[in-house]
Amino acid sequence: MRIINIISNYNYESKKTSEILSDKLKNKGFHISEKYNDNAELNICVGGDGAFLRAIHRNKFPSIPFVGINTGHLGFFQEILPENIDEFINKYINKDYLVEEISLVSAEICTKSKSFFLTGVNEIVIKGIKSKVVHLEISLDGNYLEKFSGDGVIISTPVGSTAYNFSSGGSIIYPSLKTLQLTPLSPISSKVYRSLPNSAVVPGDITISIKPEFRYENSILIINDGVEFKYNNITSINLKLSHKTIKKLNFDKDMYWSNLRSKFL
């Protein structure tokens, strides 16, 4: 039995597309699981980029490959249009695709009493609560880099470089590169404070360590792929490429460049 998970958001267009997709796949001999099935061979996410990210987090970064059908707005992850479902199914049956491995970012949040762990697909953001200015000491593999002052910093993956990072002036990084990008948010540059004005791309095997100043330790907000987390008494935050990855189907080797052109230019 060839099992496929169809994961949809709740808007009308997504539900309608999911029903059409389900019928077409059943006619080709696939079994569509009513609930998420860990034995499936493929996850098809129907919706926008937000639905894609939620599906990955909700199902705890599964090893089952993902592919997205776009019924949202931008749809950078969701590369298949609803009108191209038949073409997608035929290519999938004929194995006319590549499997891409997507690197993730992990964070260890150390407090005075314990540690917490997060994994992000696009980015992990460190900001001040209620839009407060934050003062952060940033080091790379133990090498002191700067004392940052401003709204916060984004630590993005290559696949997340076209998301919040890009909107904040960061660089676009090709998804297969094993890097992280550190991008400042409204850095303060004056006689008192000196912060890097632009993003820095670092190798994936380097740990980015961030320590809030003592008086700001309870004013730090951590945002993981758009979801906010608040921890008390943070002493340090250590970020690096995660040992976890997710897999994504690519039906066109030039799709990334086509996506860039169509979404941003």
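The values are calculated or read from the model by the stated rules, or taken from the named source; none is laboratory data. No experiment lies behind these values; they were computed from the predicted model shown. Neighbour counts are summed over all protein chains in view; Cβ atoms, including those assigned to glycine, are modelled from backbone coordinates with ideal geometry. SASA here: full protein model, heavy atoms, side chains in, ligands and nucleic acids out. Shrake-Rupley method; radii C 1.70, N 1.55, O 1.52, S 1.80 Å.
Numbers for the structure displayed
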item	result
Contact order normalised by residue count of region 113-202, Cα under 8 Å, 6+ apart, percent	26
Cα shape, region 3-96, gyration tensor, a/c 1.5 rule	rounded
Stokes-Einstein D (µm²/s) once Rh is taken as the Kirkwood radius of the chain over alpha-carbon pairs, at 25 °C in 0.890 mPa s	125
Using alpha-carbon coordinates, inclination of helix 255-264 to the longest axis of the chain, degrees	60
Separation of alpha-carbon centers, region 66-119 and region 211-253, rounded to whole Å	18
For q = 0.23, 0.26 Å⁻¹, Debye-computed log10 I/I(0) when each Cα of region 1-57 counts as one equal scatterer	-0.91, -1.09
Tail weight of P(r) past 12 Å, computed on alpha-carbon pairs of region 191-248, percent	78
Computed FRET value (nearest 0.05) for SER113 with ASN39, which takes r as the C-beta separation and R₀ as 41 Å	0.55
Pairs beyond 29 Å (Cα-Cα), from LYS35/LYS114; LYS24/LYS248; LYS95/LYS178; LYS15/LYS91; LYS60/LYS132; LYS28/LYS248	LYS35/LYS114; LYS60/LYS132
Fraction of accessible area attributable to carbon and sulfur, the chain (%, probe 1.4 Å)	51
Mean separation of Cα contacts under 8 Å (6+ apart) over length of the chain, as relative contact order %	20
Cα-based reach from LYS147 at 17 Å (exclusive), listing aspartates and glutamates while leaving out same-chain residues under 8 positions away	GLU137, GLU213, GLU217
Potential lengthening between HIS243 and GLU87 on full extension [0.36 nm per residue; Cα-Cα distance subtracted]	52.8 nm
Loop-located trypsin sites (Lys or Arg not before Pro) in region 50-108 whose Cβ has at most 11 other Cβ within 10 Å (DSSP)	LYS60, LYS95
Degrees between helix 12-27 axis and first principal axis of the chain (Cα, 0 to 90, nearest 10)	50
Approximate spin-label separation ASP23-VAL227, in nm, with each point projected 7 Å along Cα-to-Cβ	3.4
Cα-based convex hull, region 104-242, per residue volume (Å³, whole number)	95
Probe 1.4 Å, accessible area per residue of the chain, Å²	51
Distance from region 26-41 to region 143-187 (C-alpha centre basis), Å	38
Calculated [θ] (222 nm, deg cm²/dmol) that DSSP helices of n ≥ 4 give over the chain, each run adding -39,500 (n - 2.57)	-5500 deg cm²/dmol
